[in-house]
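Comments concern the structure below.
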Amino acid sequence: MRITAVTCVKNEGPFLLEWIAFNRLLGVTDFLFYSNDCTDGTDALLDALAERDGVVHLPNPAKGRNYQMEALKDAQRQAVVRNADWVWVADVDEFLNIHVGDHTIPALIAACGNPQAISVTFQFFANDGVEAFEDRPVIEQFTRSHNPDLWCSESAIEVKTLTRKDFPLHYYGAHRPFFKDKLPEAKRPKWTDGSGRKVQHKFHVAANPRRIRKFPAAGAREFATLNHYALRSLDSYLVKNDRGDVNRENRAFDDTYWRERNDRAYEDRSILRYLPALQTALEVMKSDAEIARLHDACCAAHRAKRDDLMAQPAYAEMFAHLKALPPYPPGEVELMEELGLS
């Protein structure tokens, strides 16, 4: 089975090897990376990896700022995608945590009844007081999250989607594929959530903007969860703010983004089942002297950027502000104060 992971990156160098190694443990055979405007060595590391097997690295084709959607449009034409049995569109801070069988993507597909698409629900993992960037697995460092069935006040939580090659594809979206509006009902794809249940009709047919990329999370994670490490360390979060993201150039996240994702009420260590094999795989990748050197250079650049930012009063203030925030989502502190519980 050929499984291709597609992603867009900008200054994600320190985290590339872990994400590649982890996804290979899941059964991903090929990777298509699009990069843009990298200053930390991400592109050099990807070029070196592309000289080995299983990695394709291309410059992002976007002419404007819609980096991700332009890349996904281009991906449909790439052989590494066209020749895949399944395509997994995800970001480098997202890790598919499979709870069934041998904890691989083929096991998930089998558990879901081999549908044409599987949409797996996000679980946002908190910073949990981690300040310093460390060059060790992200999945090991961050183990606390919100209640998996409730994020802030939302019962519907976003997903990412595995797509089978015979899906009647109109185009790939960042969170799910789309089929043509007028596709007859009999030809609509078989599509499940992470528990093997049919996805809700409004999500299936993209009936309205509120149901294009999310649906209720309760009961949706029996076979798999998508662990999303959107914050990582406070150091890395500063660097993330400086670079913007793949969707909107120079976007700066305010503290709402941080507070929404820094709810540490729930502990989930289930993904650590992969850690021993992941550490071994990373050792193998770093036994290649060039790969190890380029990875170390990315980590050094990441730390240097953090130091540069902390020398700027605005970023030093941001660091102190985020560090001092209580680990509750927006509205919860206010409610606790109102109830006299703070």
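Quick note: the coordinates plus some simple rules give every number you see, no bench work behind them. Please read these numbers as outputs of a predicted model, since none were measured by experiment. Cβ placement follows ideal geometry from the backbone for every residue including glycine, while neighbour counts extend to all protein chains displayed.
Data for the structure
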read-out: Cα shape, the range 92-338, gyration tensor, a/c 1.5 rule; value: prolate
read-out: Mean Kyte hydropathy of -0.5 or more with a Cα span along the axis of at least 27 Å, helices from DSSP in the chain; value: 289-310
read-out: For residue 190, residues with placed amide H under 5 Å, excluding near neighbours; value: 116
read-out: Where labels lie 7 Å past Cα in the beta-carbon direction, separation of residue 293 and residue 85 in nm; value: 3.8
read-out: Karplus-derived 3J(HN,Hα), 6.51/-1.76/1.60, for each residue of the range 51-61, Hz, glycine and proline x; value: 6, 8, 7, x, 10, 10, 10, 10, x, 5, x
read-out: Relative contact order (percent, whole number), the chain, Cα cutoff 8 Å, 6+ residue spacing; value: 23
read-out: For residue 56, distant residues with modelled amide H under 5 Å away; value: 31, 32, 33
read-out: Ordering of 97-104, 264-271, 66-73 by burial proxy (mean other Cβ atoms within 10 Å per residue, highest first); value: 66-73, 97-104, 264-271
read-out: The range 173-184 - phi-based ³J(HN,Hα) in whole Hz, Karplus 6.51/-1.76/1.60, Gly and Pro as x; value: x, 5, 10, 6, x, 10, 10, 5, 4, 9, 5, x
read-out: Contour excess over end-to-end distance, with Cα ends at residue 275 and residue 222 and 0.36 nm allotted per residue; value: 17.0 nm
read-out: Relative packing of 82-88, 169-175, 283-289, which averages over residues the other C-beta atoms within 10 Å, highest first; value: 82-88, 169-175, 283-289
read-out: ³J(HN,Hα), Karplus 6.51/-1.76/1.60, whole Hz, each residue of the range 85-102, x for Gly, Pro; value: 6, 9, 10, 10, 9, 7, 9, 6, 9, 10, 10, 6, 9, 9, 9, 10, x, 8
read-out: Under-5 Å amide H pairs with residue 170, H placed in peptide plane, nonlocal only; value: 178, 179, 180
read-out: 222 nm mean residue ellipticity, helices alone, for the chain (DSSP H n ≥ 4; -39,500 (n - 2.57); rounded to 500); value: -10000 deg cm²/dmol
